[in-house]
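A.B. asks: Before I ask anything, let me first share the structure, which is written out below as C-alpha cells.
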Amino acid sequence: MEFVNYEVEDYVAVLTINRPKALNALNSQVLEEIEQTIDAVDTNEVRALIITGAGEKSFVAGADIAEMSSLTKAEGEAFGKKGNDVFRKIETLAIPVIAAVNGFALGGGNEIAMSCDIRICSDNALFGQPEVGLGITPGFGGTQRLARLVGAGIAKQLVYTARNIKADEAYRIGLVNAVYTQEELMPAAKKLAATIAKNAPIAVRNCKKAINDGLNTDIDNAIVIEEKLFGDCFETEDQKAAMANFLEKDKEKKLKVVPFQNK
Ligand code: DAK
C-alpha cells in the first residue's frame, strides 16, 4: 500500500493514513487502500483498531479538493458513495475503532473520525465541516453523524457557518472524549485500546452492535436487540469462564481468546 500503514501488536491494530504531503487528504486511492485494509482486519486477532494520520500536523485534511474539483454530478455521487461505503465499513466493523486525531480533521477528516466509535485528539487538532465554503455539502456522512453526535443545533451551526473548532471546543461539545498533548496521544490511544482488548471480545462486539443498531431504531426494538445480543453471550466460553472465576473468587479473571462467531 502506498498511503496506508497497518500494524498489529497485542490484539491492537493501528491504521495510519499516510499521505503527509497533502495533509493525508482522501483521494480515491487512499479511500481504496483504507477499504482494503478494513476488509482485511482479522477480527479473531485484533480486538480494537486505532485510526490516525501520519505526521504531526494533520489527521485528515478532508477529501482531496484537487480530485473533486473537476467531478461531474455522476462522478461526485460515485465519489460520495465510495467514501460513505468505506466509512460505513469502519462504523460497522465488529470491533471498536478509536480515532486518534492528531491535527486537522476537516471535512472528510472529521467525517472519518465520526465513523469511529471513540474520538480522542491532540491539543493541536482542528475540527470542522468547511464544505459550504467550497460550494458543496458534507458528503461523507457529515450532515448525519455530526447531528447524531453533538445534537442538531450545534451541528447545524458548525455546518452552516463552516467554522473550524479547536480541541477544547470539540471536547466541550462532546465531539471528542479527551484531549492530550501530541506526545501523549498515541500512548493514550493504545492504552485505551488495550483496556478494551482485555475484556471479553465477543461481549465487547455485542455491545458495539447493540449500541449502534439500537440507536438506529425506536426504544422498543432497541431493547429487543439488546436482549438478543445479551442472550448470545451465554453461548461463549468467556461468559462461562469469567463468571466461574468470579464465583470461585479467582482474582485473575483471565479471559480466553475465543474466535468471533459471525452472526
Ligand atoms: N485536498 C487536497 N490537498 C490538500 C487538502 C485537501 N483537502 N488539504 C491540504 N492539501 C494540500 C495542499 O494543497 C498543500 O499541497 P502543496 O501545495 O504543498 O502541493 C499541502 O496539502 C499542504 O497544505 P497547505 O500548504 O494549505 O498547509 P497549511 O498548513 O497552510 O494549511 C489547511 C492547512 C488544512 C488549513 C489547508 O491546507 C486547508 O484549508 N485545506 C483544505 C481543508 C478543507 O477544506 N477540507 C475539506 C475538504 S472538502 C462529497 C464527498 C466528499 C466530500 C463532500 C462531498 N460528495 C461526493 C457528495 C468531502 C468534502 C471535503 O472534505
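A.B. asks: What nm value, rounded to one decimal, do you get for the distance between PHE246 and ASP123 when each label is placed 7 Å out toward the C-beta?
C.D. replies: Calculated label separation equals 4.0 nm.
A.B. asks: With a 1.4 Å probe and all protein chains left in place, how much accessible area per residue does the range 56-200 have, in Å²? Spell out each step's value before the answer.
C.D. replies: On the way: 6640 Å² over 145 residues.
Per-residue accessible area for the range 56-200 comes out at 46 Å².
A.B. asks: For VAL224 and GLN36, what does the FRET efficiency come to when R0 = 45 Å and r is the distance between their Cβ atoms, rounded to the nearest 0.05?
C.D. replies: Numbers: r = 35 Å, r/R0 = 0.78.
My answer for the efficiency is 0.80.
A.B. asks: GLU56 to VAL8: extension gain in nm, 0.36 nm per residue of separation minus the Cα-Cα distance?
C.D. replies: Working: separation 48, 0.36 × 48 = 17.28 nm, distance 2.14 nm.
Gain on extension, GLU56 to VAL8, equals 15.1 nm.
A.B. asks: Dipole of the chain (Lys/Arg Cβ +1, Asp/Glu Cβ -1, origin at the Cα centre): which of GLY108, ALA244, TYR171 lies farthest to the positive side?
C.D. replies: Sorting the options by dipole projection puts first TYR171.
A.B. asks: Taking the Cβ of ALA25 as the center, what net charge do the other residues with Cβ under 15 Å away carry, scoring Lys and Arg +1 and Asp and Glu -1? Could you put the intermediate results ahead of the total?
C.D. replies: Working: positive: ARG19, LYS21, LYS57, LYS82; negative: GLU2, GLU32, GLU33, ASP64, GLU67, GLU111, GLU131.
Once positives and negatives cancel, what remains is -3.
A.B. asks: Between ALA54, ALA162, ALA40, find the one with the highest GNM mean-square fluctuation for the chain; connect C-alpha pairs within less than 10 Å.
C.D. replies: It is ALA40.
A.B. asks: Over the chain, with every protein chain in place, what whole percent of the accessible area is carbon and sulfur at 1.4 Å, could you tell me? Spell out each step's value before the answer.
C.D. replies: Working: 7560 of 13590 Å².
Whole-percent figure for carbon plus sulfur exposure: 56.
A.B. asks: Quick one: give the max-minus-min coordinate of the C-alpha atoms of the range 1-150 along each principal axis, largest first, in Å.
C.D. replies: For the range 1-150, the Cα extents along the three principal axes come out at 44, 33, 32 Å.
A.B. asks: With r as the distance between the Cβ atoms of SER70 and LYS21 and R0 = 22 Å, compute the FRET efficiency 1/(1 + (r/R0)^6) and round to 0.05.
C.D. replies: On the way: r = 20 Å, r/R0 = 0.92.
It comes out at approximately 0.60.
A.B. asks: Can you give the relative contact order of the range 74-162 as a percent, counting alpha carbon pairs under 8 Å and 6+ residues apart?
C.D. replies: Working: 120 pairs, mean separation 24.0, N = 89.
Relative contact order comes out at 27 percent.
A.B. asks: Aspartates and glutamates within cross-link reach of LYS73: Cα-Cα under 20 Å, excluding same-chain residues under 8 positions apart?
C.D. replies: The reachable aspartates and glutamates, counting only those whose Cα sits under 20 Å from LYS73, are ASP64, ASP85, GLU131.
A.B. asks: Can you give the relative contact order of the chain as a percent, counting alpha carbon pairs under 8 Å and 6+ residues apart? Before the final figure, lay out each step's value.
C.D. replies: On the way: 466 pairs, mean separation 42.3, N = 263.
This gives 16 percent for the chain.
A.B. asks: With the cut-off at 31 Å, tell me which of the pairs LYS82/LYS209; LYS81/LYS240; LYS21/LYS208 have Cα atoms farther apart than that. Walk me through the numbers before you get to the answer.
C.D. replies: Details: LYS82/LYS209 23 Å; LYS81/LYS240 43 Å; LYS21/LYS208 35 Å.
Beyond 31 Å between Cα atoms: LYS81/LYS240; LYS21/LYS208.
A.B. asks: Can you find, among GLY142, THR217, GLN157, the residue sitting farthest towards the positive end of the charge dipole of the chain, where Lys and Arg contribute +1 and Asp and Glu -1 at Cβ?
C.D. replies: GLN157
A.B. asks: What dipole magnitude, in Debye to the nearest 20, does the chain give about its Cα centre under +1 on Lys/Arg Cβ and -1 on Asp/Glu Cβ? Working shown, then result.
C.D. replies: Numbers: 30 positive and 37 negative charges, 108 e Å.
Approximately 520 debye in magnitude.
A.B. asks: Taking the Cβ of PRO130 as the centre, find all other residues whose Cβ is under 12 Å away and add up their charges (Lys, Arg: +1; Asp, Glu: -1). Don't skip to the answer; put the middle values down first.
C.D. replies: On the way: positive: ARG163; negative: GLU111, GLU131.
Summing Lys and Arg as +1 and Asp and Glu as -1 gives -1.
A.B. asks: Let me ask another. Tell me, Kirkwood radius of the chain from alpha-carbon pair distances, in Å? Spell out each step's value before the answer.
C.D. replies: Working: mean 1/r = 0.0520 Å⁻¹.
The Cα-based Kirkwood calculation yields 19.2 Å.
The values are calculated or read from the model by the stated rules, or taken from the named source; none is laboratory data. Remember, predicted model here, so these are calculated numbers, not experimental data. Methodologically, a virtual Cβ is constructed for each residue, glycine included, from the backbone with ideal geometry; neighbour enumeration extends over all protein chains shown. These area figures cover heavy atoms from the full protein model, side chains too; ligands, DNA and RNA do not enter into them. Shrake-Rupley method; radii C 1.70, N 1.55, O 1.52, S 1.80 Å.
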